[in-house]
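Written below as structure tokens is the structure these notes are about.
The values are calculated or read from the model by the stated rules, or taken from the named source; none is laboratory data. The model shown is predicted, which means the values in this text are computed figures rather than measured ones. Positions of Cβ are backbone-derived with ideal geometry, glycine not excepted, and every protein chain shown enters the neighbour counts. Accessible surface areas use protein heavy atoms only, side chains included; no ligands, DNA or RNA. Shrake-Rupley method; radii C 1.70, N 1.55, O 1.52, S 1.80 Å.
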Amino acid sequence: MSQEITMNKMGTEPVPKIMFTMGVPIILSMVLQACYNIVDSMFVARIPDSDGVVHMGEYAVNALTLAFPVQMLIVAFGIGTGVGVNALLAKSLGQNDRQKVARVAGNGLTLALIIFVCFFLFGLFGIDIYLKSQTSDPVILSMGKTYLRICTLLSFGIVLFSIYEKLLQSTGKTVYSTIAQIAGAVANIILDPIFIFGYFGLPAMGIAGAAYATVIGQVVSMLVAMFFHYRKNKEVPNGWKYLKPSGRIIKEIYTIGLPAIIMQALMSFMTYGVNIIFGRVSVATVTAYGIFYKIQQFVFFAGFGLRDAITPIVSFNYGMGNKKRVKEGVRIGILYTEIIMLLGIILLEIFAEPLASLFGLSDETASLCVLAIRIISTGFLFAGGNIALQGVFQALGCGISSLVVSLLRLCVVVLPLAYLFTTFANAKFLIWLAFPIAELVALLVAVVLMSRANKQIIKQMKDA
């Protein structure tokens, strides 16, 4: 078994090749996740008016926008824990520590179940307070409550999938995690119109149908990823005994994963804060931001996918003590991520108006959405450097550096700026500038932190 681990392709294949072959499946997986996030909004935006309520579709999109931070928080805990499992397991593989590999995987699954229980309780007792902190509109409150309750009470699919996905990625089997993601995405996309509008003899469930389609898609992804893990992930021993919580293993997982959780949670907090701040401008601004956020996920999730390839590759070779491959992993990872973000800028600038038109928005909301796309996308190149370097920081165990970058780009800079810009007469233009400015500030700090990590960690490694 020792030889099998040592010969893992993350330590043998050329770095550009392995970065590409591992990254492409993860990127496809992440882009598909963004796809079914946006499909929900596309179908929900076309919910017909009823009971004298006009623009019911825009009310529904607004409700999804207000609910989205909680969905992001669920993903934050699942993915963040998975990031810790991913990096620690990959490093343990590089060190040929089979027993630790098994305990890391088992404790990751135990933590996922605990996370699910916490959000189940929030679904029972916390939704009303949360939604009323953002809006007092009874229609939006009712729709948001319906959607969010289903997504929280049945959140076990997305949380467990987040762990099984990272277990597959940590051993280099990204194709299987992508297949699992595709299966869930296809299920969601097929079920969305059937459940929302009531096809094939089913009742039209409206926004509840969108929620059920989402959670069913998540469960499908979970089941497929489970199958591949237990059948194909031979490097990872499995057994009930490994589920027993270990304080030492959990501490190591969250030494790496906690900053990732906070990073993802900050995205949720930022969206929650932006919803409140933009509500000072208009309801249309909140809706436009919600639509833009899901459109930009196509680009950002592709960057996150590449980051999720950077982390295990750099971490594995760091564990092996291969200085040359660590440095190459950092360089190639940054290059590939920037290429992805540059392509994203070009596509969004070209197709801003067609993308906004997909949602059947009012003229005011559509124009605001186009404006957001054109202005915010200019900061994607800065964001690409931040995303890649955060993956490197996680791989090297520099979780605090990753956290600092996240705080700057998602909260410390963007929220005060957005609030400040709402006080100006031309707020509908200025508010969008807060996002690229925040990414630039964060990147300048990230470069300084990476220079320090290079000096204190990478340069101290002995040449293999």
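A few points about this structure:
- Summed over the stretch 37-59, residues that are assigned to a helix (DSSP H, G or I) and either of a type in the set (Gly, Ala, Ser) or at pLDDT below 70 (or both) total 2.
- Cβ-Cβ distances below 6 Å connect the following pairs, each with a first residue in the stretch 241-258 that is closer than 19 Å to Gln99 by Cα and of a type in the set (Gly, Ala, Ser), a second residue that is open to solvent by less than 50 Å² (accessible area, probe 1.4 Å) and part of a helix (DSSP H, G or I), and a separation of six or more residues or different chains: Ser246/Asn107.
- Residue within the stretch 386-404 that is at pLDDT below 90, among the β-branched types (Val, Ile, Thr) and open to solvent by less than 10 Å² (accessible area, probe 1.4 Å) present: no
- Highlighted here are the helices (runs of 4 or more DSSP H) found entirely within the stretch 381-460 that include at least 3 residues which are under 25 Å from the mean Cα position of the chain (by Cα): 399-407, 414-421, 434-453.
- Identification of helices (runs of 4 or more DSSP H) wholly contained in the stretch 120-173 with 3 or more residues that are surrounded by fewer than 18 Cβ atoms within 10 Å (Cβ to Cβ) yields 127-132, 138-153.
- Every residue from the stretch 11-27 that is modelled with pLDDT under 80, buried (at least 18 other Cβ atoms within 10 Å of the Cβ) and either assigned to a loop (DSSP other than H, G, I, E, B) or under 15 Å from the mean Cα position of the chain (by Cα) (or both): Ile26
- Count of the stretch 303-331 residues, restricted to those that are open to solvent by 10 Å² or more (accessible area, probe 1.4 Å) and either over 18 Å from Gly257 (Cα atoms) or touching a Pro at 6+ places or on another chain (Cβ under 6 Å) (or both), is 10.
Yes or no, residue by residue, for (1) surrounded by fewer than 20 Cβ atoms within 10 Å (Cβ to Cβ); (2) under 30 Å from Ile334 (Cβ atoms); (3) hydroxyl-bearing (Ser, Thr, Tyr):
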{"site": "Lys234", "(1), (2), (3)": "yes, no, no"}
{"site": "Ile277", "(1), (2), (3)": "no, no, no"}
{"site": "Ser282", "(1), (2), (3)": "yes, no, yes"}
{"site": "Phe292", "(1), (2), (3)": "no, yes, no"}
{"site": "Phe300", "(1), (2), (3)": "no, yes, no"}
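- The C-beta contact set for the stretch 81-102 (first residue farther than 18 Å from Tyr164 by Cβ, second residue hydroxyl-bearing (Ser, Thr, Tyr) and surrounded by fewer than 22 Cβ atoms within 10 Å (Cβ to Cβ), distance under 9 angstrom, 6+ apart or interchain) comprises Gly94/Thr6; Asn96/Ser2; Asn96/Thr6; Arg98/Ser2.
- Residue match in the stretch 93-102 (condition: out of contact with any Leu (no Cβ under 7 Å at 6 or more places or on another chain), surrounded by 24 or more Cβ atoms within 10 Å (Cβ to Cβ) and closer than 21 Å to Thr174 by Cβ): yes
- Check on Gly57, of a type outside the set (D, E, K, R) and touching a Leu at 6+ places or on another chain (Cβ under 8 Å): no
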